[in-house]
Amino acid sequence: MMVLVVVGLYTDKLEPLREKLAQLVTPFYQITNVPTRVNDWRKDTFVSQVDLKMENEALKTELLIHQRKLQQLASLAAENVRLRQLLNASQMLQDTVLIAELIGVSPNPLSHKVIINRGTKDGAFKGQPVLDAFGLMGQVIEVSENSSTVLLISDSTHAIPVQVNRNGVRAIAEGTGDLNSLSLRHVSANTDIRAGDLLVSSGLGDRFPVGYPVAEVLQVVRDPGKAFLTVIAKPMARLDRSRHLLLVFENRDQASVPGALNVTISSSSSISSSSSSASSQGGAQ
Amino acid sequence: MPAQSLNLYVIIALSVLLALVLSVYPLPMDMRWWRPEFVLVVAIYWMFFMPLTVSFLFLCALGLFQDLLEGVPFGQHSLGLVIVGYICILSYQRVRNFSLWRQSAWVFVLVGIAQLTDNWVQGMAGRPLSGIQFLYPALTSALIWPLCSLWLDRLTHRHHH
């Protein structure tokens with residue numbers, strides 16, 4: 001038994017077995033999802049006309065607002081394409097997404113994983129980025145035919161390359177095992193980063209697509225005794241509430257375009273020269 | 001009596017299946033510490049009262065399936081189940097004569113031991129250990145023990161207490 005644990009942990013010899021057997025597991029999560037589905041069905045079926053009308057009204061208003069934003073977006077997108085052509089950068093392609101529904105939560109309290117109802121049958125693959133309506137949620141780590149497991153960005157074994165949206169400073173956001181906080185690793189003490197900054201995925205590492213919101217910086221602690229800043233950020237995605245997730249199928253050749261960064265920060269007046277490459281300077285004390 | 005033993009196997013299988021379903025029933029992220037170790041509690045019951053029916057091989061297989069189900073490293077739950085199963089085999093003659101609440105206290109210790117091995121494996125897998133939280137499942141397991149025990153007694157027509 002101990003041998004099994006060690007072999008399973010330190011080698012990947014058991015992975016194929018786990019993938020094969022994962023199909024046995026899906027029915028359990030489908031069964032435990034039944035109450036939620038019944039509840040959804042009840043909500044959809046027994047609803048008064050007044051409520052529906054109100055919801056319709058609210059949705060129409062929302063649609064109007066989004067349409068207005070979209071009008072601007074069209075011109076912005078065109079401008080973006082022109083600027084990219086000037087920079088000879090490859091074009092940003094639209095990512096295609098697939099909607100997935102959450103069917104289970106990992107019962108292990110030490111890990112932040114969820115189970116979704118899409119598998120190899122729908123084209124899900126290992127390492128696929130997962131979003132919700134508000135930001136990046138995590139990545140697929142196990143796939144079976146009809147379901148897959150998603151590791152959330154707040155899991156303590158997860159890390160994601162990010163950059164500050166304001167000035168392009170790059171960093172690595174690590175999960176802490178707490179749903180509401182990520183910590184940035186090795187941010188040097190003179191880095192321009194402050195509370196309220198939006199962290200977006202930087203696309204480095206070719207795992208996550210560029211530009212999706214990841215977290216918002218909550219607090220930055222400058223302790224003179226430490227070589228690095230302590231930066232705590234709150235994930236943008238609603239990790240414990242979202243029930244509908246988006247699986248991203250990105251076009252591989254657009255990943256990590258060096259020019260992309262320049263375009264986004266060229267308008268910013270306060271560009272900090274310190275990036276993660278400068279972090280080796282360590283503390284400035 | 002083959003008919004009755006067949007019946008018993010069905011009851012064991014059903015109770016284990018139910019425990020497995022309950023062990024993955026979705027809970028809010030912060031509530032997950034309070035989930036009793038249903039599978040372990042049911043296994044402890046069968047080890048106490050049917051020690052000859054439930055084999056270690058069965059416990060191993062059950063643990064491995066639970067590992068698969070919960071997505072934890074293979075062997076984590078089997079390790080806990082086998083260790084606890086062994087203690088059960090050593091102690092069942094005494095425990096059967098305990099009152100229900102004393103049995104509960106004993107279950108608290110057993111589940112606590114299983115939680116220790118669970119945490120050990122999780123620690124090897126690189127997850128930070130929590131403080132006293134890892135004993136919460138032991139506490140809730142001890143609390144549902146009387147319920148589980150009485151219910152399974154009724155199913156198996158054992159009038160013990």
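The table for this structure:
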{"item": "Amide H within-cut-off set for A:Glu216, under 5 Å, with H built and near neighbours excluded", "result": "A:Leu199, A:Lys234, A:Met236"}
{"item": "For A:Ala189, distant residues with modelled amide H under 5 Å away", "result": "A:Leu229, A:Ala284"}
{"item": "Burial order of peptide ranges A:15-27, A:42-54, A:75-87, A:185-197 (average beta-carbon count within 10 Å, highest first)", "result": "A:185-197, A:15-27, A:75-87, A:42-54"}
{"item": "Order of B:His77, A:His244, A:His158 - criterion: other Cβ atoms within 10 Å of each residue's Cβ, fewest first", "result": "A:His244, A:His158, B:His77"}
{"item": "Relative contact order (%) - chain B, alpha-carbon pairs under 8 angstrom, separation at least six", "result": "26 percent"}
{"item": "Residue mean of other protein chain beta carbons inside 10 Å, A:113-122", "result": "1"}
{"item": "Coil-residue trypsin sites (Lys or Arg not before Pro) of the stretch B:2-104, DSSP, other Cβ within 10 Å capped at 16", "result": "B:Arg96"}
{"item": "Rounded tilt (10° steps) of B:136-156 against the dominant C-alpha axis of chain B", "result": "20 degrees"}
{"item": "With Cα atoms, 0 to 90° folded angle of helix B:76-95 axis to chain B main axis", "result": "40 degrees"}
{"item": "Candidate lysines for bridging to A:Lys126, where Cα separation is under 16 Å - those fewer than 8 sequence places away on the same chain excluded", "result": "A:Lys20, A:Lys113"}
{"item": "Förster-model FRET efficiency, 60 Å R0, B:Asp153 and A:Leu218, C-beta, rounded to 0.05", "result": "0.70"}
{"item": "Within the stretch A:96-160, GluC sites (Glu not before Pro) in DSSP loop having at most 16 other beta-carbon neighbours inside 10 Å", "result": "A:Glu145"}
{"item": "Under Karplus coefficients 6.51, -1.76 and 1.60, residue-wise ³J(HN,Hα) of the stretch A:156-168 in Hz, glycine/proline x", "result": "6, 9, 10, 9, 9, x, 10, 9, 6, 5, 5, 9, x"}
{"item": "Where trypsin sites (Lys or Arg not before Pro) fall in DSSP loop in the stretch A:106-160, at most 15 other Cβ within 10 Å", "result": "A:Lys126"}
{"item": "C-alpha long axis of helix B:38-49 to longest principal axis of chain B, angle in °", "result": "30 degrees"}
{"item": "Amide H partners (placed H, <5 Å) of A:Ile103, local residues excluded", "result": "A:Ile115, A:Ile116, A:Asn117"}
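Every read-out reported here was derived from the displayed coordinates using simple, explicitly stated rules and does not represent laboratory data. What you are looking at is a predicted structure, and each value in this text was computed from that prediction instead of being measured. All Cβ positions, glycine included, derive from the backbone under ideal geometry; neighbour counts span all protein chains shown.
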